[in-house]
Amino acid sequence: MTDSSQHWLILVMSLSGRAGTPRMRIWRALRSLGAAVMRDGVYLLPANSLRKEALQQQADAVRELGGKALLLEVDESTMDTTELLLPLFDRTSDFQDLVGDVSEWQEACPGLEEREAQRRLIQLQRRFQAIVEVDFFPGLGRERAIAALAEAEAVYNRCFVPDEPQAIQADIPERDRSAFRGRVWATRRRLWVDRVASAWLIQRFIDSEARFLWLESPAQCPPEALGFDFDGATFTHVDDKVTFEVLLASFNLEGDPALTRVAELVHYLDVGGLSVPEAVGVKLMLAGARERCENDDVLLEHIGVLLDDLYHAYQVGNSENQ
């Protein structure tokens with residue numbers, strides 16, 4: 001029978017007050033793990049293998065400094081005060097502070113330069129991810145923060161991406177990939193998340209001979225080109241799906257678990273929703289690449305390598321979990 005009860009990790013440590021700097025380093029490490037302080041020198045975390053390993057490292061560090069440390073794993077069935085433990089991990093106030101700062105950013109966004117607006121938004125997203133990593137018992141606070149950041153993405157798009165497509169309600173017909181070889185594909189220039197990921201998907205999984213046009217305006221799209229990710233395009237946002245997800249559905253690629261993981265990442269970065277741990281890092285790299293690459297052809301080649309690596313990592317992760 002599987003033991004479904006909650007297990008807790010308790011680190012009891014004692015370190016000389018003379019070890020000021022090392023003590024502070026250990027305290028910061030415990031704080032970054034989200035450990036709750038039960039009393040001076042006693043720290044608590046819900047148990048899993050990674051947290052146990054991390055706490056063991058801190059226990060070893062204490063001993064190396066001449067202190068004493070004991071790491072225990074306790075089944076909640078042996079405790080009679082577990083109802084007092086969950087509030088120690090309540091992140092509601094952290095999420096509330098974040099939502100307040102997101103609201104301030106939204107008010108300031110129209111008056112900011114694009115780069116500065118993006119920089120501040122990425123900082124907010126990084127804060128959100130940092131809180132999520134130690135939000136062991138999620139509640140409404142996380143949901144409200146997700147909604148606030150999704151609205152922030154929409155505000156950013158309204159200010160700096162005026163041609164961002166509006167979702168339509170429609171069925172998504174299944175397409176035959178053999179009829180989409182060697183075609184011309186067109187989307188808006190200055191590629192960003194959904195467009196560059198969709199171009200990568202087209203190039204790698206749909207039309208290996210694809211040629212791309214980067215449009216100054218969607219109105220410039222030639223009639224023979226297959227448009228994507230703009231209003232009126234052949235492939236664009238449908239219902240709650242972004243263009244990348246529509247392409248997956250159109251070409252029957254949704255059965256690939258690694259591509260589904262990439263789709264979750266693209267969806268989150270483009271319109272918000274459920275957070276993806278690696279999203280902030282990917283967005284930072286994309287922002288840096290867009291500043292550094294001289295044109296969209298170079299950008300697609302550069303980000304294509306990143307997405308290849310990400311896809312491979314997801315494949316490996318999926319195989320290990322099977």
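Quick one: in the stretch 270-286, which of the residues that are in a helix (DSSP H, G or I) and out of contact with any Phe, Trp or Tyr (no Cβ under 9 Å at 6 or more places or on another chain) is surrounded by the fewest Cβ atoms within 10 Å (Cβ to Cβ)? Top of the filtered list is G281.
Just one of (1) on the phi > 0 side of the Ramachandran plot; (2) over 25 Å from the mean Cα position of the chain (by Cα) fails for G227. It is (1).
Residue-level analysis places D90 outside the set of residues that are at pLDDT 85 or above, over 33 Å from the mean Cα position of the chain (by Cα), open to solvent by 80 Å² or more (accessible area, probe 1.4 Å) and closer than 29 Å to G139 by Cα. Out of the stretch 102-124, which residues are out of contact with any Lys or Arg (no Cβ under 7 Å at 6 or more places or on another chain) and either closer than 26 Å to F89 by Cα or aliphatic (A, V, I, L, M) (or both)? Once the filter is applied, which keeps residues that are out of contact with any Lys or Arg (no Cβ under 7 Å at 6 or more places or on another chain) and either closer than 26 Å to F89 by Cα or aliphatic (A, V, I, L, M) (or both), the stretch 102-124 yields V102, S103, A108, L112, A117, L121, Q123, L124.
Looking only at the stretch 244-272, residues that are under 19 Å from V161 (Cα atoms) and not β-branched (V, I, T) come to 6 in all. Residues of the stretch 129-181 that are open to solvent by 20 Å² or more (accessible area, probe 1.4 Å), charged (D, E, K, R) and either touching a residue at least 60 places away in the same chain (Cβ under 8 Å) or outside any helix (DSSP H, G or I) (or both): E133, E151, D163, E164, D171, E174, R175, D176, R177, R181.
Just one of the listed residues (L201, L191) is crowded, with 21+ Cβ neighbours inside 10 Å and assigned to a loop (DSSP other than H, G, I, E, B), namely L191.
Out of E245, E294, E264, one residue alone is in a loop (DSSP other than H, G, I, E, B) and of a type outside the set (A, V, I, L, M). It is E294.
Checking the stated criteria, V99 turns out to be of a type outside the set (K, R), open to solvent by 40 Å² or more (accessible area, probe 1.4 Å) and within 30 Å of N157 (Cβ to Cβ). Is there a residue in the stretch 220-228 that is open to solvent by less than 20 Å² (accessible area, probe 1.4 Å), in a loop (DSSP other than H, G, I, E, B) and closer than 15 Å to A199 by Cα? Yes: one or more hits. Scan the stretch 297-312 residue by residue and report those that are acidic (D, E) and either open to solvent by 80 Å² or more (accessible area, probe 1.4 Å) or not in a helix (DSSP H, G or I) (or both). The answer is D297, E301, D309. Which of (1) open to solvent by 20 Å² or more (accessible area, probe 1.4 Å); (2) out of contact with any Pro (no Cβ under 7 Å at 6 or more places or on another chain) is the odd one out, the single condition V238 does not satisfy? Of the numbered conditions (1) open to solvent by 20 Å² or more (accessible area, probe 1.4 Å); (2) out of contact with any Pro (no Cβ under 7 Å at 6 or more places or on another chain), the odd one out for V238 is (1).
The values are calculated or read from the model by the stated rules, or taken from the named source; none is laboratory data. Since the structure is predicted, the reported quantities are computational estimates derived from the model, not experimental observations. FYI the Cβ positions are ideal-geometry reconstructions off the backbone, even for glycines, and counts take in every protein chain you see. Just the protein is used for accessible areas: all its heavy atoms, side chains included, with ligands, DNA and RNA removed. Shrake-Rupley method; radii C 1.70, N 1.55, O 1.52, S 1.80 Å.
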